[in-house]
1. Run the numbers for ARG383 and THR150: contour at 0.36 nm per residue of separation, minus the present Cα-Cα distance, in nm.
2. What size of dipole, in debye to the nearest 20, comes out for segment 378-485 about its Cα centre when the only charges are +1 on Lys and Arg C-beta atoms and -1 on Asp and Glu C-beta atoms?
3. Using the Cα centre as the reference, give the magnitude of the dipole from point charges on the C-beta atoms of the chain (Lys, Arg: +1; Asp, Glu: -1; all else neutral), rounded to the nearest 20 debye.
4. Kindly identify segment 3-83 as rounded, prolate or oblate by the Cα gyration tensor criterion: order the square roots of the eigenvalues as a ≥ b ≥ c, call it rounded if a/c is under 1.5, otherwise compare a/b with b/c, prolate if a/b is larger, else oblate.
5. Could you rank the peptides 244-257, 462-475 by their average count of other C-beta atoms within 10 Å per residue, with the highest value first?
6. Compute the length gained on full extension between ARG351 and ALA12: take 0.36 nm times their separation in residues and subtract their Cα-Cα distance, giving the result in nm to one decimal.
7. Residues of segment 267-301 with amide nitrogen under 19 Å from the 7 Å Cα-to-Cβ point of GLU246?
8. Output the antiparallel fraction of DSSP beta bridges having both residues in the chain, as a percent to the nearest 5.
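Bear in mind these aren't lab numbers, they're just calculated from the coordinates by the rules spelled out. Just so you know, these numbers come straight off a predicted model, no measurement behind them. When we count neighbours, we look across all protein chains shown, and the Cβ atoms used for this are built from the backbone with ideal geometry, even at glycine.
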Amino acid sequence: MEPAGLRSLVEAMAPDGGTIVARLFRALREGVRSGHLEPGVVLPSSRRAAAALGISRNSVNAAYELLRAEGLVAVDRRRAPVVTRVERLVDPAGAAGEGPALSARGRTQCGDLRTRLYADASGRFRPGAPDEPLFPRDLWARALRRAARTALGPMRAYDDYAGAPALRRALADHLRRERGLVVAPDDVVVTASSQAALSLLAACLCDPGETVLIEEPGYLGARAAFETAALRVAPLPVDEAGADIEAATGRTGARLAYVTPSNQYPLCTRMSLPRRAALIAWARAARAVVVEDDYDGEFHWRGPEAGAMQPLAPDAVVYLGSAAKSLLPALRIGWMVAPRPLASALARAVRNAGCAANVHAQLALAELIESGAWKLHLRRVTRTYETRARLLVEAIRAAAGDRVEVALPPGGLQLSVRMESLADEAAAVAGLGAAGYAVARLSGFSAGEAPVAGLLVSFAEADGPRATAFAAALGRSLGPREGRG
């Protein structure tokens with residue numbers, strides 16, 4: 001190989017980025033592996049290569065040594081380097097392969113159950129997202145700064161995978177006072193999110209092929225976690241009184257039931273006490289576990305009747321919560337409350353799965369809870385969200401009338417808008433999507449043959465003008481009222 005050819009090779013295969021040693025090494029390696037430099041080709045000596053490239057001989061020798069270490073060239077001090085025989089990683093035409101194939105479980109894990117739900121994936125009024133301007137930036141920044149300056153001790157490495165002790169204590173106290181839970185700090189396991197907790201519970205409580213019950217319609221994140229664990233998902237029917245275990249045809253032999261009793265997702269109803277008692281009785285008789293997702297438990301404005309289920313059966317219920325709605329999903333902090341022996345095992349599972357939450361974020365949240373700042377923040381945003389929910393409900397009723405059914409939810413960040421038919425739902429999704437709204441279709445949360453038609457709509461950012469504008473767009477998408485019964 002002539003020195004001029006070496007210069008052309010470097011310019012073609014490593015035009016920029018990195019040191020000259022790295023560029024020369026990459027260019028020659030790609031030349032060998034692609035077959036451009038055949039076995040037996042003699043490379044320029046370090047002296048000639050250095051002169052052609054305008055670099056030092058030491059740089060050339062360093063690149064040649066890297067090639068020798070990978071077995072791509074043979075280097076002899078008395079001769080110029082020679083390309084050795086290697087297996088080509090691409091065919092002579094340079095066609096790339098299809099890449100590694102996903103396993104059957106990988107295809108489930110990597111599947112996207114949510115995109116088809118939304119009218120506009122990045123638009124306004126998307127369910128589940130809090131209003132970012134309400135996030136207490138300065139308060140969080142100060143707490144996080146103090147946490148970053150704190151000596152972590154055992155937490156700096158691999159201890160305390162169940163969560164920072166300060167946060168577990170703070171959460172246990174908060175959940176006892178505000179949600180009535182029967183809980184001690186050792187019952188709390190901190191995770192990176194409720195979704196991570198669901199994946200852990202699916203793997204730790206069930207074996208592949210076993211049955212779990214999930215509300216119908218229900219949260220798609222739970223369905224994804226269970227199906228990824230190769231579990232059989234059976235429907236747990238939901239009506240205005242919440243999940244009905246007596247109507248679940250797949251309950252025999254089920255190992256787990258997933259519910260959102262305080263504010264059902266996505267229908268925004270509350271599970272009655274008789275339904276809760278029946279579900280707990282079934283779980284105890286079947287030696288099964290009830291997973292209670294209290295995803296927006298901080299935002300309830302319709303009295304103390306919005307209590308959690310866990311206090312009724314702390315031996316049979318695993319409680320899930322997170323800071324995703326009260327602060328931001330991006331903080332990646334969730335928690336489980338589990339019976340003591342199970343909590344210890346789940347803490348080990350958190351470490352094995354690598355889904356622990358950031359320690360500094362945990363300490364910052366612990367400070368906010370212990371100081372009372374979080375409670376004040378929750379009161380403020382709860383009042384704001386209740387006001388916005390009422391504004392949106394009133395605006396929708398005024399704009400759409402009897403073409404939809406909408407009620408004030410017991411709390412949370414979203415409300416359900418029921419419609420007469422899937423055709424109405426499709427028209428609303430199309431019209432609102434075109435107007436830039438990311439509402440979700442209610443039918444997309446159902447796996448059965450008789451899905452509920454309508455929309456799931458966030459009211460987190462629905463101040464007066466925005467609520468009115470959304471309702472007007474919804475009314476236009478449904479068309480004129482005339483001719484509708």
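1. Working: separation 233, 0.36 × 233 = 83.88 nm, distance 3.39 nm.
Length difference between fully extended and current span is 80.5 nm.
2. Working: 13 positive and 11 negative charges, 88 e Å.
Value, rounded to 20: 420 debye.
3. Details: 60 positive and 51 negative charges, 341 e Å.
In debye, rounded to 20, the chain gives about 1640.
4. Numbers: a/c = 1.38, a/b = 1.09, b/c = 1.27.
It comes out rounded by the Cα gyration axes.
5. Numbers: 244-257: 17.3, 462-475: 19.1.
With the highest mean Cβ count within 10 Å placed first, the list reads 462-475, 244-257.
6. On the way: separation 339, 0.36 × 339 = 122.04 nm, distance 4.60 nm.
Between ARG351 and ALA12, full extension yields 117.4 nm more.
7. 270-286
8. Numbers: 26 of 44 bridges.
Given both bridge residues lie in the chain, the antiparallel proportion sits at roughly 60 percent.
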